[in-house]
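S.K.: Sharing a structure with you now.
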Amino acid sequence: MKKLLALALALIMVFALAAPSAFADDAVEITLWTYPIGQWGTQEVVDELIAGFEAANPGIKVEVQYLAYADGDDKVNTALEGGNAPDLIMEGPERLVANWGAKGYMVDLADMWDDTDKAEIFESLQDSCTNADGKVFEYPVCMIAHCMAVNVTRFEEAGVADVLDRENHTWTTEGFIKAVNALSETNPNVAAIYCSGQGGDQGTRVLINNLYGGTFTNPEHTAYTANSPENIKALQLLVDLPGINFDPAINGGEEIQLFRQGILDMAFCWNLIQQTNTDNNDAGRTNDGDEIEFMAFPAEDGNAKLGLGIWGFGIFDNGDAAKIDAAKTFIKYFADGEGTPGAIKASGFSPARSMAEGQDLTQLFADDPITTEYMKLLPMGGDYYQVVPGWAEARTAWWNMLQQIGEGADIQAAADEFVAVANAAAGA
Amino acid sequence: MGKSTGMSRALVRRETIAGYLFLLPSLFFFVTFVVYPMFMCIFTSFFDSNMGKNAVDTFIGFGNYKELLQDKVFLGALKNTLIIVVVSVPTVCAFSLWVASAITDMKPALTSAFRVIFYLPVVTGSVAVTVVWKWMYNNYYGIFNYLFKSAGIIEKNINWLGDAKYALWCIILILFTTSVGQPIVLYVSALGNVDHSLVEAAEVDGATRTQVFWKIKWAQIMPTTLYILIITTINSFQCFALIQLLTSGGPNHSTDTIMYYIYYTAFKLYRYGYGNAMGVVLMIIIAVLSAIQFKLGQTSD
């Protein structure tokens, strides 16, 4: 009896092992790993999007895994080294082009862009998604111009609301200085140059570049220019202004919290997602109900150049042509097809192209006044320099430089050291 | 007799084989996850090994080790790590022994309650611990600034984790609270196992409490002390999670530790060979210090 039972159990186990292959359909299974880009990090939303794709493409099954920015890169790198990389990844060119693409892990997607696509996808985005050899490692889906935010109520109380051009969301460096001086009379923490780590670090770079017209790299993205006289002047201004504190203990996310709590009067890490956030109050309000206005960064002539955020899909070259084809079908569906409007709306950002297979994407948010108003910032999009080789090291050197300056180091010396480290990383 | 010996040998052989078979699973995991990675770490440290699909590892001999000696960030991280070890190990041991001595003679329920209180930070996840400490250290609304300002000790807020003067000491304080739990439990147990007949004999002979402690108890808990010294040293050398979650090595590299710098080099800069060379140096330092502690412990014993 026992032998019979053992035999039956063994047969069940063998059958169970064999079952998946015996009953498997012909569907190609691909995996997508996505960073939390808007609601692309929310399972219910993504499940719905994937269900739509699978219904339209019955021969492809998609398994999704969700990454966090805190440890997502480590997971992907470990998977790459272990030969278990996903088929698809959703993130921006700084990872897909400058990192994994440069290291030879990504599939060239150039064949997915015909003349119509090239006419529809915004040109600066095409450049950002393409490496120096003309290989396309990212198919962009959505984009945003990062900006800053001010507490309008505090500005009004300090009598400096007039420095803000709220119609165009612009202001000048002179207005910024006047506002900070006035606000600092009642608040010692007007704003923070946060520099603990990479979260939201684009804000500090763009602020410093815009104040006196500096740039972060040269136009060819081959050398860093953060030690230029314009940038040094901007850094000196921030050191000298009362109420502006270099804070190595917080990152961009924590700065946003402090701004929402009313501790800071300005936030340098802001975008549409923040402006429409309703976690603790209505959209566009601090936790205490003060009015928040999103603004371009201050510039001498008021014409700021904002940092762009670009997100899209890339394919890891796992050597399986069927999976690569399936992954391309996936990208076509969400980046230039039936699923594009849903993919963009899930991100909460702006479309990366004007049309997608005959669908006009420019009116996607016509019924959303905040997003429509935010679109005014898009023409201010500046240079996307995050594709410089060795970006990870340069990025770390940037916040180390801010930490040094905050501790009283010589500004020119600290900036020179940053440029030396960053250029070495870039191979310049 | 001869037949009996033969059977006995067969029995011994069977028992030996059975013993090794029982060891096999542990041995497999030990070799796979400890010995092999250790060997690969040493091996890779002699190569310029980077991430990349077509990247080729180049043998550079002691090149990575030479670079380490000139790397200011590594030397700074080594200094910070040594400060953590030198401060943390004696204070953890002394404090644990003091607490254990104080609570071991209390009522059993009270002793257990104290053991639970001191052990709580050990069983609480690192992330939860750091979130609470980060809140307490907060520059804008942290409880330390509130208390110190209320007490008139400081005039304006201190950015505890954002000021190079304080950041490392803040890390050491957190490490201290998460490190004392296990030594206290071990010391309470060791003090409970001290031979009471010796203590009573010493007391009959007129020994004071201090003499009883140092002459009788201290000698008997020496193996526990040795174990605590070694695990606290290793834990202090491997301080990583607190740094990663609280300061990322900042401000201005003031809280970089070797473990964090290894992580940064290997997983952010993808320089595997260089990161492994640091790992080997760390391994050697820990091994040498542990050996010295063993030797001193045995001598004292």
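S.K.: Would region B:202-280 count as rounded, prolate or oblate if I go by the C-alpha gyration tensor, calling it rounded below 1.5 in a/c and otherwise prolate when a/b exceeds b/c, oblate otherwise?
M.R.: Verdict is prolate for region B:202-280.
S.K.: Under 5 Å between amide hydrogens, which residues at least 5 positions from residue A:381 or on another chain qualify, with H placed 1.01 Å from N in the peptide plane?
M.R.: Excluding prolines and chain starts, which carry no amide H, the hits are A:306.
S.K.: Given a cut-off of under 8 Å on Cα pairs at least six residues apart, what relative contact order in percent is computed for region A:383-428? Each step should come with its number before you reach the end.
M.R.: Numbers: 31 pairs, mean separation 26.4, N = 46.
Here the relative contact order equals 57 percent.
S.K.: Now a separate question. Can you give me the accessible area per residue for chain A, using a 1.4 Å probe, in Å²?
M.R.: On a per-residue basis, chain A sits at 41 Å².
S.K.: Using alpha-carbon positions, what is the distance between the centroids of region B:147-226 and region A:108-150, in Å?
M.R.: 60
S.K.: Let me ask you something else. Compare A:167, A:91, A:157 in a GNM of chain A, Cα atoms joined below 10 Å, and give the one with the largest fluctuation.
M.R.: For chain A, modelled as a Gaussian network with Cα springs under 10 Å, the answer is A:167.
S.K.: Give me Rg over Rh for region A:152-270, both radii from the alpha carbons and Rh done the Kirkwood way, two decimal places.
M.R.: 0.97
S.K.: Further question on the same structure: Once you charge only the Cβ atoms, +1 for Lys and Arg and -1 for Asp and Glu, what is the size of the charge dipole of chain A about its Cα centre, to the nearest 20 debye?
M.R.: Around 1020 debye, computed over chain A.
S.K.: Given the options A:340, A:32, A:153, identify the residue whose Cα lies farthest towards the positive end of the charge dipole of chain A (+1 on Cβ of Lys, Arg; -1 on Cβ of Asp, Glu).
M.R.: Result: A:32, furthest along the dipole toward the positive end.
S.K.: Rounding to the nearest 20 debye, state how big the charge dipole of chain B is about its Cα centre with +1 on each Lys and Arg Cβ and -1 on each Asp and Glu Cβ.
M.R.: Once rounded to the nearest 20, the dipole reads 440 debye.
S.K.: Given the pairs B:72/B:134; A:118/A:376; A:61/A:305; B:134/B:268; B:79/B:217, which are separated by over 30 angstrom at their Cα positions?
M.R.: A:61/A:305; B:79/B:217
S.K.: Using the Karplus equation 6.51 cos²θ - 1.76 cosθ + 1.60 (θ = phi - 60°), what ³J(HN,Hα) coupling, rounded to whole Hz, does each residue of region A:323-338 give in order, writing x for Gly and Pro?
M.R.: Coupling constants for region A:323-338: 5, 5, 4, 5, 5, 5, 4, 4, 5, 4, 5, 8, 9, 7, x, 4 Hz.
S.K.: Per DSSP H run of n ≥ 4, the term is -39500 (n - 2.57); total these for chain A, divide by its residue number, and report the mean residue ellipticity at 222 nm rounded to 500 deg cm²/dmol.
M.R.: One gets -12000 deg cm²/dmol as the mean residue ellipticity at 222 nm.
S.K.: Is the C-alpha gyration tensor of region A:288-373 telling us rounded, prolate or oblate? Criteria: a/c under 1.5 is rounded; beyond that, a/b larger than b/c is prolate, otherwise oblate. Each step should come with its number before you reach the end.
M.R.: Working: a/c = 2.63, a/b = 1.93, b/c = 1.36.
Verdict is prolate for region A:288-373.
S.K.: Residue A:355's amide H: which non-local residues (gap 5+, or another chain) put their own amide H closer than 5 Å, with H modeled 1.01 Å from N in plane and none for Pro or chain starts?
M.R.: HN-HN under 5 Å from residue A:355: A:361.
S.K.: From the phi of every residue in region A:280-289, what ³J(HN,Hα) in whole Hz does the Karplus formula 6.51 cos²θ - 1.76 cosθ + 1.60 yield, where θ is phi - 60° and glycine or proline is x?
M.R.: So the Karplus estimates, Gly and Pro as x, are 10, 5, 5, 4, x, 10, 6, 4, 8, x Hz.
S.K.: Within the set of other residues whose C-beta is less than 12 Å from the C-beta of residue A:331, count the net charge using Lys and Arg as +1 and Asp and Glu as -1.
M.R.: -4
S.K.: Based on alpha-carbon positions alone, could you give the equivalent ellipsoid semi-axes of region A:192-336 from the gyration tensor, as √(5λ), descending, whole Å?
M.R.: One finds semi-axes of 33, 24, 14 Å for region A:192-336.
S.K.: Please check: in the Gaussian network model of chain A (C-alpha springs, under 10 Å), which one of A:133, A:162, A:111 has the largest mean-square fluctuation.
M.R.: Ranking A:133, A:162, A:111 by mean-square fluctuation puts A:133 first.
S.K.: With springs only between Cα atoms under 10 Å, which of A:341, A:58, A:229 fluctuates most in a Gaussian network model of chain A?
M.R.: Ranking A:341, A:58, A:229 by mean-square fluctuation puts A:58 first.
S.K.: For the protein assembly as shown, give me the percentage of DSSP beta bridges that are antiparallel, rounded to the nearest 5 percent.
M.R.: The answer is about 65 percent antiparallel.
S.K.: For B:241-254, what's the mean count of beta carbons from other chains sitting within 10 Å of each residue's beta carbon?
M.R.: For this peptide, the per-residue mean of nearby foreign Cβ atoms is 5.
S.K.: May I ask for the net charge around residue A:417, where only other residues with Cβ less than 12 Å from the Cβ of residue A:417 are counted and Lys, Arg are +1 while Asp, Glu are -1? Can you show the working numbers first?
M.R.: Details: positive: B:72; negative: A:410, A:416.
So the surrounding residues net to -1.
S.K.: Something else about it: Hey, what number do you get for chain B at 222 nm if only DSSP H runs of n ≥ 4 count, each worth -39500 (n - 2.57), divided across all residues, to the nearest 500?
M.R.: One gets -22500 deg cm²/dmol as the mean residue ellipticity at 222 nm.
S.K.: Once amide H atoms are built 1.01 Å from N in the peptide plane, which residues 5 or more positions from residue B:47, or in another chain, come under 5 Å H to H?
M.R.: Residues meeting the criterion, in which the H sits 1.01 Å from N, are B:60.
S.K.: Follow-up question, since we're still on this one. Could you give the longest part of chain B that holds none of the trypsin sites (Lys or Arg not before Pro) found in DSSP loops with at most 14 neighbouring Cβ atoms within 10 Å?
M.R.: That gives B:166-301 as the longest site-free run.
S.K.: In region A:398-424, what residues drop by 40 Å² or more of accessible area when the other protein chains are put back, versus the chain on its own? Use 1.4 Å, and skip ligands and nucleic acids.
M.R.: Listed in order, they are A:400, A:403, A:407.
S.K.: Karplus couplings for region A:349-359 from phi (6.51 cos²θ - 1.76 cosθ + 1.60, θ = phi - 60°), rounded to Hz, Gly and Pro as x?
M.R.: So the Karplus estimates, Gly and Pro as x, are 10, 8, x, 8, 8, 7, 10, 9, 6, x, 8 Hz.
S.K.: Same structure, new question: Net charge near residue A:239, counting Lys/Arg +1 and Asp/Glu -1 over other residues with Cβ under 15 Å of its Cβ?
M.R.: On the way: positive: A:233; negative: A:240, A:247, A:407, A:410.
Spelling it out: positives minus negatives among the neighbours equals -3.
S.K.: Can you bin every Cα-Cα distance in chain A into 10 Å intervals starting at zero and give me the percent of pairs per bin, rounded to whole numbers?
M.R.: 4, 20, 29, 23, 13, 5, 3, 1, 0, 0
S.K.: Chains A and B: buried accessible surface, both sides, probe 1.4 Å, rounded to 100 Å²?
M.R.: 2400
S.K.: Which distance in nm do the two modelled labels at residue A:424 and residue A:54 give, with both placed 7 Å along the Cα-to-Cβ direction?
M.R.: 5.0
S.K.: Got a sec? Charge dipole of region B:63-300, +1 on Cβ for Lys and Arg, -1 for Asp and Glu; which of B:68, B:184, B:133 is way out at the positive end?
M.R.: Farthest towards the positive end: B:68.
S.K.: Once you have a ≥ b ≥ c as the square roots of the Cα gyration tensor eigenvalues for region B:63-300, tell me rounded if a/c is under 1.5, and otherwise prolate or oblate according to whether a/b is larger than b/c.
M.R.: Numbers: a/c = 2.57, a/b = 1.42, b/c = 1.81.
It is oblate, given that a/c is not under 1.5 and a/b is not larger than b/c.
S.K.: Right, next: Could you list log10 I(q)/I(0) for the protein assembly as shown at q = 0.09, 0.10, 0.12 Å⁻¹, which the Debye formula gives when each Cα is one point scatterer?
M.R.: -0.97, -1.14, -1.43
S.K.: Rounded to the nearest 20 Debye, what is the dipole magnitude of the protein assembly as shown about its Cα centre when Lys and Arg each give +1 and Asp and Glu each give -1 at the C-beta?
M.R.: Value, rounded to 20: 4420 debye.
S.K.: Could you give the nm distance between label points at residue B:294 and residue A:276, where each point is 7 Å from its Cα heading toward the beta carbon?
M.R.: 6.3
The values are calculated or read from the model by the stated rules, or taken from the named source; none is laboratory data. Everything numeric here is computed off the predicted structure, so don't read it as measured data. Every residue, glycine among them, receives a Cβ derived from its backbone with ideal geometry; neighbour counts consider all protein chains shown. Quick note on the areas: whole protein, heavy atoms, side chains included, nothing else; ligands and nucleic acids left out. Shrake-Rupley method; radii C 1.70, N 1.55, O 1.52, S 1.80 Å.
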